[in-house]
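The values are calculated or read from the model by the stated rules, or taken from the named source; none is laboratory data. Because the structure is a prediction, the values reported are computed rather than measured. Cβ coordinates were reconstructed from backbone atoms using ideal geometry, including for glycine residues, and neighbour counts include every protein chain displayed. Quick note on the areas: whole protein, heavy atoms, side chains included, nothing else; ligands and nucleic acids left out. Shrake-Rupley method; radii C 1.70, N 1.55, O 1.52, S 1.80 Å.
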Amino acid sequence: MQSKKIRSLVTSAILFAGALSAPLHAQKFSLDDLSAFKKPSENWQIVGNVQGAIHQKLDLSAAEGKGILANLPVHGKADVNKDIYTNAEFGDADIEFDFMMAAGSNSGVYLQGRYEIQLLDSWGKKVPAAGDCGGIYERWDNKKPDGSKGYQGYAPRINASKAPGLWQNMKISFQAPRFDAKGNKTENARIRQIILNGAIIHENVELTGPTRGAMSEKEAARGPIRIQGDHGPVAFRNFEVKNYDAPKPVFTDLKYSFVKQDIRSDENLNNLKADETGKATTISKTYSSAATGYLLKFEGKLKVAQEGKYRLNGIFNGGYGRLLLNNTTVLPWTWWEKGGEVTLPAGEVPFELIYARPESGNTTSLGLFIEGPGIRRTALHDMKSITPPSHPSSPILMPEVNETVVHRSFIDYGKTRISHGASVGDPQRVHYSMDLETGAVIRVWRGDFLNVTPMWNSRGNGISFPLGSSVDLANLSPIRNTGGKVAENYHFKGYVLDQDNRPAFRYELNGRLFEDQIQPDAESKYLNRTIKTLEPVPFEAFLAEGKEIVIVADGLYLVDGQYYIRINEGGKGSVISKPQGVVQLVAASNHQLSYSIIW
C-alpha cells in the first residue's frame, strides 16, 4: 500500500446502534473525527486505511483519511498511550466490529469499561487460553497467593483468529448486571454469545465481577465501551452497538376467538362465526379446545415504547398464519414460518393475528417474536405454545481426523449449492473444500473438520459445512491458456494419494493433464498449493479474485483484506482489472507453480 506511515491504527466507521442482526434502528456515529470519545490520548487517530506486516512485529501502517480509528502507540512515550472510552454508555447491548491486529500485538474491548474481551495476535495457536483472541479475560485478586491471583478467565472454544494484517470480525451479545431499587446487585452480568470470524466461541457465560484492569470494581447498570490502547497497535472498523434499554412490548385489550372450522385459505376468513371468545393475556395455542380443524384469532393492541422499524417472526407450524399490525399486513397468509418488517409509531397500535390448524400430521406450534428499537428478539407468546420436536437429533460431527479424509458432498457456497464438492480434512487441522466441476479451492479453514448433520441426519439434504471459522475464495478454474483466455474442456480425472495419504487432484484442460496438490505448511497455519502439468508446457493460473488486491511485498498479495496469496516459486504474479470493479491475480508458469493461501 502506497501510504504515509502513521504509527498504528483501526478501520472504517464505528456505528453505535442497537442490534446484531440487520440494523433496524441503528444510530450511527462515524469515525470522521474523535468526537464519539472522551478526551482521546495522542495514540488514538482517525485514518483512512491500514495495513499490517504479517511477520514484522507491531508494524501497522496507515494512510491519511477518515473512517478508521487507530491505536498508533507513541514510541518512547508510554505515559501517553492510554485507553479510549466512548461518551455513550450502554447496558444490555449487541456489539459488532471488524478489527486488525499487528503481528504480536495486544488489545482488548471492555464492556461497560469493566469486562474485557481479549484481542490478541493468536494466529496459529493450537490451544487458546483466556488471554488469547476472543477470550474473556481473568479476574484478579492480589490477596490470593502467587500463582492463583488470576481466576475465572474463559478461553474461546476454538482459535478462530486470522493472520495479522487481515480484517477480522467479532460479535458480542452482552447482558448487563441487574440491580434492585436500593442498588443491590440481583443478577450477574452475562455474555450471551461471542462469535469470532463466524465461529461461536462463547455461549451463556456468567460474569461474577469485573475482569482484571477494569476501570472500576463497582458494577453498574450502564457503562462506556473502552478499548485498550497501551499494549500495541490495532485497528477497528464497522463498529456497531445496539443498545437494548426499551421496555418489552405488551398487549392491551387482547381477546381471542375460537372457530371450529377447517380453514385453508385467506378467502375463507370472511364471515367467520366464533364458537368461543374471551380475554387473552398472550398469544397461545392453548386457547383452542380442539387438536385440529380449528382457527384462532387474536385481536387487541400492541404497545411499543419507541417509534421505528420492527421485525416480526411468526411460527405457524402445522398450520397457516397471518399478522396485521397497525392495519398493515406484516405477515401474509403463510404456511410454517414467516418474517416481515413494519414501521410503527410509539404507543398502542391495532393488532390482529390468525392461526388456522386444518389437519393433523405435523407438530403444532404457534409463536410470534418481535425485535426493534431498544429491544432484543422477544417472544410475544407463552412457552407452552411452542412444541419441541418429538425426536430431537444430536449433531453429527467429524471434528478430528487421524488421517487425511476426502469427504464428498453438496456444498453451499454463497447463493449457490455446489453439487460436486469435496472437503479434504487433514490431521494437521488445516482443511479445504473444492468444487470438482471447476477445480477451484473455494473454502479454507483451521481447527475442527465438518458438521455433516444436514447430510446424514434422517433423509438429509446432502450438504456439509465447516466446523469453525472459514474463509471463502473465488470459484475460479485454476488454469488459463497462455494469452489470457479461460481454458475450456475441463474434465475432472480423480486423484492419487501420496505417501501421507494426501490427495493430488488431476484434471484435463484442452488435452493437457494437470496435477494439483494442496497441503498444510510445517506449522499448520496455512495451505501450500502446487499445480503442475504432467508434460513441460506453459500455462497461466488464476490465484484470486476480489474488489481489491494489494501488493504487500514482492510475491505477496492481500485480497480484500481477508487473506494473503504468496507466490513461492515457478511463476510471476500480475493483477488485472475486469469489468464491474473486479480484479484478478494471475500467474504465468513454464511448468509448475507453487503458492500459499494464508489467512
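Which residue pairs have Cβ atoms under 7 Å apart, sit 6 or more places apart or on different chains, and have a first residue in the stretch 318-346 that is within 20 Å of P373 (Cβ to Cβ) and touching a residue at least 60 places away in the same chain (Cβ under 8 Å) and a second that is in a strand (DSSP E or B) and of a type in the set (S, T, Y)?
If the second residue must be in a strand (DSSP E or B) and of a type in the set (S, T, Y), the pairs left are E341/Y310.
In the set K242, K260, K279, K255, which member is under 40 Å from the mean Cα position of the chain (by Cα) and either open to solvent by less than 80 Å² (accessible area, probe 1.4 Å) or of a type in the set (D, E, K, R) (or both)? Please lay out each step first, then the result.
Working: K260 fails: under 40 Å from the mean Cα position of the chain (by Cα); K279 fails: under 40 Å from the mean Cα position of the chain (by Cα); K255 fails: under 40 Å from the mean Cα position of the chain (by Cα).
Matching residue, one of K242, K260, K279, K255: K242.
Applying the selection to the stretch 80-112, what residues are touching a residue at least 60 places away in the same chain (Cβ under 8 Å), open to solvent by 30 Å² or more (accessible area, probe 1.4 Å) and not in a loop (DSSP other than H, G, I, E, B)?
Answer for the stretch 80-112, where residues must be touching a residue at least 60 places away in the same chain (Cβ under 8 Å), open to solvent by 30 Å² or more (accessible area, probe 1.4 Å) and not in a loop (DSSP other than H, G, I, E, B): Y85, N87, A88, E89, E96, N106.
Which condition does G183 not pass, out of (1) open to solvent by 50 Å² or more (accessible area, probe 1.4 Å); (2) at positive phi; (3) not hydroxyl-bearing (S, T, Y), if it passes all the others?
(1)
Do you know which of the residues in the stretch 131-141 that are open to solvent by less than 20 Å² (accessible area, probe 1.4 Å) and in a loop (DSSP other than H, G, I, E, B) is nearest to K171 (Cα to Cα)? Spell out how you get there, then give the answer.
Filtering the stretch 131-141 down to residues open to solvent by less than 20 Å² (accessible area, probe 1.4 Å) leaves 132-136.
Next cut, in a loop (DSSP other than H, G, I, E, B) only: 132-135.
Values: D132: 16, C133: 13, G134: 10, G135: 13 Å.
Within the stretch 131-141, the match that is nearest to K171 (Cα to Cα) is G134.
Can you go through G561, G571 and tell me which one is under 20 Å from Q56 (Cα atoms) and of a type outside the set (A, V, I, L, M)?
Values: G571 fails: under 20 Å from Q56 (Cα atoms).
Only one candidate passes the filter, namely G561.
Would you say S419 is of a type in the set (S, T, Y) and farther than 17 Å from Q519 by Cβ?
Details: of a type in the set (S, T, Y): yes; farther than 17 Å from Q519 by Cβ: yes.
Here the answer is yes, as S419 does meet what is asked.
Give the residues of the stretch 158-179 that are more than 21 Å from N106 (Cα to Cα) and assigned to a strand (DSSP E or B), sorted by residue number.
The first filter runs over the stretch 158-179 and keeps only residues more than 21 Å from N106 (Cα to Cα), leaving 173-179.
Within the stretch 158-179, S173, F174, Q175, R178, F179 qualify.
Can you name every one of the strands (runs of 3 or more DSSP E) wholly within the stretch 505-565 that holds 3 or more residues which are surrounded by fewer than 20 Cβ atoms within 10 Å (Cβ to Cβ)? Outline the logic, then answer.
Numbers: elements: 512-520, 527-533, 539-546, 549-553, 556-559.
It comes to 512-520, 527-533, 549-553.
Could you go through the stretch 475-491 and let me know if any residue there is buried (at least 18 other Cβ atoms within 10 Å of the Cβ), in contact (Cβ under 8 Å) with a residue 60 or more places away in the chain, polar (S, T, N, Q) and not in a strand (DSSP E or B).
yes
How many of the residues in the stretch 282-298 are open to solvent by 40 Å² or more (accessible area, probe 1.4 Å) and among the β-branched types (V, I, T)?
Final tally of qualifying residues: 2.
May I ask you to list the residues in the stretch 12-55 that are over 20 Å from E89 (Cβ atoms), surrounded by 20 or more Cβ atoms within 10 Å (Cβ to Cβ) and modelled with pLDDT under 90?
S12
Evaluate the stretch 151-162: report whether one residue or more is at pLDDT below 95 and over 30 Å from I597 (Cα atoms).
Yes, the stretch 151-162 has at least one match.
Search the stretch 413-432 for residues that are closer than 17 Å to A522 by Cα and at pLDDT 95 or above and pair each with any residue that is open to solvent by 60 Å² or more (accessible area, probe 1.4 Å) and not acidic (D, E) when their beta-carbon atoms are under 7 Å apart and the residues are at least 6 apart or on different chains.
P427/N402
Of all residues in the stretch 310-337, count the ones that are modelled with pLDDT of 95 or more, within 29 Å of the chain's Cα centre (by Cα) and open to solvent by 60 Å² or more (accessible area, probe 1.4 Å).
0
If I ask for residues that are within 18 Å of N461 (Cβ to Cβ) and either out of contact with any strand residue (DSSP E or B) (no Cβ under 6 Å at 6 or more places or on another chain) or of a type in the set (F, W, Y) (or both), which ones from the stretch 396-410 would you list?
Here is the first cut: in the stretch 396-410, the ones within 18 Å of N461 (Cβ to Cβ) are 396-398, 407-410.
If the condition is that a residue be within 18 Å of N461 (Cβ to Cβ) and either out of contact with any strand residue (DSSP E or B) (no Cβ under 6 Å at 6 or more places or on another chain) or of a type in the set (F, W, Y) (or both), then I396, F410 are the ones that fit.
For the stretch 69-100, enumerate the residues that are aliphatic (A, V, I, L, M) and closer than 30 Å to A220 by Cβ.
Keep residues of the stretch 69-100 that are aliphatic (A, V, I, L, M), which gives 69-70, 72, 74, 78, 80, 84, 88, 93, 95, 100.
Correct list: L69, A70, A78, V80, I84, A88, A93, I95.
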